[in-house]
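I have placed the structure first, in the form of structure tokens, so that the comments after it can refer back to it.
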Amino acid sequence: MKNLTKIDPEIYQEIIKETNRQKNGLIMIASENFTSEAVLETMATVLSNKYAEGYPDKRYYTGNQFIDNIETYCIERAKKLFQAEHVNVQPHSGTSANLAAYFALLKPGDKILSMDLSHGGHLSHGSKASLVSQLYQISHYGVDPKTETIDYDQLTKIALAEKPQLIISGASSYPRQIDFAKINQIAQKIKAYHLADIAHIAGLCVANLHHSAINNADVITTTTHKTLRGPRSAVIIAKSELAQKIDKAVFPGIQGGPLEHIIAAKAVCFKQAMSAKFKKDQQQTIKNATTLAQTLLANNIRLVSGGTDTHLILIDLRPLKITGKQAADILAKANIYTNFNVIPFDDQPANNPSGLRLGAAALTTQGLKETEMQLIGQTIADILKNPNTENLQNKAKELVEELTNKFPIYQELSC
Ligand code: DSN
């Protein structure tokens with residue numbers, strides 16, 4: 001970054017500090033990951049300079065012959081990776097992808113049935129705080145209070161009573177497998193569209209480690225930077241009969257010029273996600289999350305739903321008498337990064353809820369395996385049970401240093 005160093009030392013310094021923070025900490029935020037150097041290189045290119053409103057061979061600007069090739073590579077790879085009939089690779093983010101899908105499938109005032117935010121759903125699925133709740137009538141399903149897994153009977157009852165035009169499956173803080181086929185059957189019964197938002201589990205899905213949403217949903221949205229390990233962005237996957245509607249909804253519906261440097265980076269990500277190594281890493285992600293969950297459970301830490309089937313774990317902190325924010329802050333002091341999260345039936349507010357969400361995706365990318373997950377799980381359990389013990393925090397910092405030295409990430413990036 002020789003130009004940035006000279007032109008803007010302030011921003012350069014902050015980038016270096018953030019690089020070091022990522023390299024010297026344990027990134028356990030379930031939605032984060034380390035993208036590859038190849039993806040990082042692609043994002044920092046002149047592709048960022050180009051306007052390309054429209055789609056390959058149908059642009060509103062000249063000079064797009066190479067951009068068209070890049071976007072076509074991205075589309076074709078995405079179709080192969082997701083075994084999809086149609087993919088729109090232009091959405092900037094998961095929320096943009098969801099908004100475009102709603103715009104394609106619904107009219108203002110239509111009804112959406114989605115998972116409650118506090119039970120694991122996502123803001124863009126119709127939370128009160130989101131624009132979505134002002135445009136559509138929202139009802140929610142949730143988890144069973146005993147099992148803390150999706151209550152499909154309740155979902156069916158609400159679907160039959162409300163007759164929504166759209167049912168959304170998918171979640172942000174739900175540690176168990178989602179039965180997309182079952183939800184699809186419910187949607188078909190009431191002639192509703194089914195949108196599966198697989199943002200968190202996309203990597204697991206393409207590695208065949210999670211129930212498939214392909215052929216079990218009309219539209220699938222996903223971000224590309226979580227388990228999929230690509231750039232910060234999203235795509236929409238659809239049946240071919242919805243292709244035109246989806247494309248029109250993305251552009252000119254809700255977006256202008258596509259981010260072609262990010263689309264190129266998504267193409268690189270999709271190529272990497274088709275490799276045997278990627279599949280193996282996704283298997284390891286689940287093994288790592290499972291080991292972490294088992295270690296926490298062995299230390300009497302309560303996990304929502306009693307464990308995990310995925311990359312994600314949700315701790316219920318209520319028995320420990322600390323809040324999610326306290327827990328996340330204490331762990332961050334030891335360079336262990338997690339996030340506070342609402343849990344099902346939480347009586348605390350979203351800005352200081354009763355849960356702590358952990359993920360194993362980034363640590364797995366870094367090369368950590370079960371042995372290390374046991375050490376990390378034991379350390380987190382000790383700290384959560386004794387939040388004010390400085391000695392334990394120092395021990396945790398030492399472990400983090402040892403592991404990040406042993407499993408370095410981004411060795412080519414200067415720090
Ligand atoms: N905010 C993301 C997450 O952390 O799960 C979802 O968009």
- Query: Among the candidates Ile246, Ile190, which residue alone is closer than 28 Å to Pro56 by Cα and not charged (D, E, K, R)?
  - Reply: Ile246
- Within the range 350-380, work out how many residues are among the small types (Gly, Ala, Ser) and in contact with a strand residue (DSSP E or B) (Cβ under 6 Å, 6 or more places away or on another chain). 3
- Residues (farther than 22 Å from Leu123 by Cα and of a type outside the set (Val, Ile, Thr)) located in the range 134-191: Lys146, Asp153, Lys157, Leu160, Ala161, Ala181, Lys182, Gln185, Gln188, Lys189, Lys191
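May I ask you to verify whether Asp247 is modelled with pLDDT of 95 or more, touching a helix residue (DSSP H, G or I) at 6+ places or on another chain (Cβ under 7 Å) and not hydrophobic (A, V, I, L, M, F, W, C)?
In short, no.
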- Task: Inspect the range 385-401 for any residue being small (Gly, Ala, Ser) and either modelled with pLDDT of 95 or more or surrounded by 14 or more Cβ atoms within 10 Å (Cβ to Cβ) (or both) and give the result as yes or no.
- Result: yes
- Task: Select, from Thr19, Thr5, Thr35, the only residue that is β-branched (Val, Ile, Thr), at pLDDT 95 or above, within 22 Å of the chain's Cα centre (by Cα) and assigned to a helix (DSSP H, G or I).
- Result: Thr19
- Task: Kindly establish whether Leu228 is crowded, with 18+ Cβ neighbours inside 10 Å and not basic (Lys, Arg).
- Result: yes
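Which residues, taken from the range 354-383, are over 23 Å from Glu37 (Cα atoms) and crowded, with 21+ Cβ neighbours inside 10 Å?
Those that are over 23 Å from Glu37 (Cα atoms) and crowded, with 21+ Cβ neighbours inside 10 Å: Ser354, Gly355, Leu356, Arg357, Leu358, Glu372, Met373, Ile376, Gly377, Thr379, Ile380, Ile383.
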- Query: What are the residue pairs meeting all of these: first residue in the range 69-80, first residue over 17 Å from Ile246 (Cα atoms), second residue among the aromatic types (Phe, Trp, Tyr) and part of a helix (DSSP H, G or I), Cβ atoms under 6 Å, and 6 or more apart or on different chains?
  - Reply: Arg77/Phe270
- Tell me which residues, restricted to the range 194-224, are part of a loop (DSSP other than H, G, I, E, B) and either in contact with a Phe, Trp or Tyr (Cβ under 6 Å, 6 or more places away or on another chain) or crowded, with 24+ Cβ neighbours inside 10 Å (or both). Ile198, Ala199, His200, Ile201, His211, Ala213, Asn216, Ala217, Asp218, Thr224
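State whether one or more residues within the range 35-51 are within 16 Å of the ligand (Cβ to nearest atom) and touching a residue at least 60 places away in the same chain (Cβ under 8 Å).
The first filter runs over the range 35-51 and keeps only residues within 16 Å of the ligand (Cβ to nearest atom), leaving 35.
Checking the rest, the ones that are also touching a residue at least 60 places away in the same chain (Cβ under 8 Å) come to 35.
Yes: one or more hits.
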- Query: Across the range 311-339, what is the number of residues that are in a loop (DSSP other than H, G, I, E, B) and crowded, with 21+ Cβ neighbours inside 10 Å?
  - Reply: 4
- Got at least one residue in the range 272-286 being assigned to a loop (DSSP other than H, G, I, E, B), closer than 30 Å to Glu37 by Cβ and in contact with a Leu (Cβ under 8 Å, 6 or more places away or on another chain)? yes
- Failed item, numbered, when Ile29 is tested on (1) in a helix (DSSP H, G or I); (2) touching a residue at least 40 places away in the same chain (Cβ under 8 Å); (3) more than 18 Å from Ala234 (Cα to Cα); (4) aliphatic (A, V, I, L, M): (1)
- Query: Could you say whether any residue in the range 81-89 is surrounded by fewer than 16 Cβ atoms within 10 Å (Cβ to Cβ) and more than 18 Å from Gly256 (Cβ to Cβ)?
  - Reply: yes
- Query: Where in the range 70-167 are there helices (runs of 4 or more DSSP H), lying wholly inside it, with at least 2 residues that are within 16 Å of the ligand (Cβ to nearest atom), under 22 Å from Ala350 (Cβ atoms) and modelled with pLDDT of 95 or more?
  - Reply: 94-105
- Message: I want to confirm something. Restricting to the range 173-189 and keeping residues that are in contact with a Ser or Thr (Cβ under 6 Å, 6 or more places away or on another chain) and within 15 Å of the ligand (Cβ to nearest atom), which single residue is farthest from Asp316 (Cα to Cα)?
- Response: Ile178
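Is it the case that Ile237 is within 16 Å of the ligand (Cβ to nearest atom), not in a helix (DSSP H, G or I) and not charged (D, E, K, R)?
no
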- Search result, residues across the range 180-193 that are crowded, with 22+ Cβ neighbours inside 10 Å and part of a loop (DSSP other than H, G, I, E, B): Ala192
- Query: Is one or more of the residues making up the range 218-237 over 15 Å from the mean Cα position of the chain (by Cα) and free of Cβ contacts under 8 Å to residues at least 24 places away in the same chain?
  - Reply: no
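The values are calculated or read from the model by the stated rules, or taken from the named source; none is laboratory data. Just so we're clear, the structure is a prediction, and the values are computed from it rather than from any experiment. With ideal geometry, Cβ positions are generated from the backbone for all residues, glycine too; neighbour counts draw on all protein chains shown.
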